[in-house]
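Everything below concerns the one structure shown next.
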Amino acid sequence: MPVKGLFRALRSHQAPAMTREDFTRLPRHVALIMDGNGRWAKKHKLGVAMGHRRGVETLRNVIRHTDDLGIEALTVYAFSTENWKRSPEEVGALMQLILDFFASEIDELDEKGVRITILGDKSAMPIRQQEVLVEAETRTGDNQGLRLNIALNYGGRAELTRAAQLLAQKVQSGEMAPEDITEEALEKCLYTAGQPDVDLMIRTSGEMRLSNFLLWQCAYAEFLFPTVLWPDFSIADYDAALTAFGGRERRFGKRL
Ligand code: FPP
């Protein structure tokens with residue numbers, strides 16, 4: 001085993017993953033901005049595609065641990081509406097990773113009862129990817145376990161604009177009156193309809209921005225910005241973030 005791999009194995013040995021009982025309070029819904037794949041690749045003198053590939057490995061581990069901890073929902077930002085502006089090679093690599101991810105993970109996720117939802121406009125994705133995404137949503141649609149939301153071609157403003165359009169159509173057709181447009185009615189038009197609000201948002205790599213992610217759902221979220229690059233984000237880092245969340249006092253605007 002190369003020295004680096006040995007070090008990683010030893011480190012993971014030293015810090016066994018925490019279990020549900022180890023936490024005083026866990027979030028119901030975790031959101032992740034998996035940032036830093038490009039910088040990780042550069043640091044290791046590798047192409048950016050390798051950074052994303054390593055990022056998917058991290059994601060796999062994080063999904064497993066989230067499920068083991070019994071957290072209700074996990075939402076990950078895999079491809080934003082802005083990411084189309086990257087080079088065709090990088091966009092192509094990310095599109096391929098989507099196919100690879102579902103090919104290798106769907107059986108295990110389905111067996112564990114994970115329900116997959118895609119947030120975003122699938123219709124702009126290549127046909128093969130659309131098919132795979134619809135298949136994953138359909139196959140896992142009745143599952144009762146972890147809600148795994150994967151944001152692809154997603155933007156928070158676009159999601160809210162779409163919700164406004166859906167509501168306007170209902171008013172126009174007479175299905176509802178303008179005064180029926182409440183927060184609850186709008187929430188039902190979001191991709192995450194019926195799911196709890198985000199309790200904890202984690203963005204890796206030290207960047208402190210929301211980048212148009214889950215604008216509505218993060219209204220009362222706690223934010224954490226670990227400096228670690230996403231491919232290096234370990235289960236110990238995740239447990240540390242979840243522990244930090246447990247220590248935060250959440251007031252939801254009230255005076256406690
Ligand atoms: C940000 O890092 C990350 C992305 C734009 C893509 C994240 C995608 C994955 C981890 C894999 C795809 C997911 C699935 C489900 C197949 P960056 O490239 O902006 O990093 P940088 O800021 O260091 O350049």
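Where a number appears in this text, it was derived from the coordinates with a stated rule and is not lab data. From a predicted model like this one, the values you see are computed outputs, not experimental measurements. No Cβ is skipped: glycine too gets one built from the backbone with ideal geometry, and neighbour counts run over all protein chains shown.
Odds and ends about this structure:
- Conditions (1) outside any helix (DSSP H, G or I); (2) closer than 28 Å to residue 160 by Cα; (3) out of contact with any Pro (no Cβ under 9 Å at 6 or more places or on another chain): number failed by residue 132: (1)
- Each residue in the stretch 68-91 was checked for being touching a Leu at 6+ places or on another chain (Cβ under 9 Å), among the aliphatic types (A, V, I, L, M) and more than 9 Å from the ligand (Cβ to nearest atom), and 4 of them qualify.
- Among residues of the stretch 234-252, those that are within 16 Å of the ligand (Cβ to nearest atom) and in contact with a Pro (Cβ under 7 Å, 6 or more places away or on another chain), counted: 1
- Selection of the stretch 92-105 for residues being more than 10 Å from the ligand (Cβ to nearest atom) and either part of a loop (DSSP other than H, G, I, E, B) or over 15 Å from residue 60 (Cα atoms) (or both) yields only 92.
Residue by residue, here is whether (1) over 29 Å from residue 104 (Cβ atoms); (2) in a loop (DSSP other than H, G, I, E, B); (3) in contact (Cβ under 8 Å) with a residue 24 or more places away in the chain holds:
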site: 136; (1), (2), (3): no, no, yes
site: 152; (1), (2), (3): no, no, yes
site: 170; (1), (2), (3): yes, no, no
site: 175; (1), (2), (3): yes, yes, no
site: 179; (1), (2), (3): yes, no, no
site: 196; (1), (2), (3): no, yes, yes
site: 214; (1), (2), (3): no, yes, yes
site: 228; (1), (2), (3): no, yes, yes
site: 231; (1), (2), (3): no, no, yes
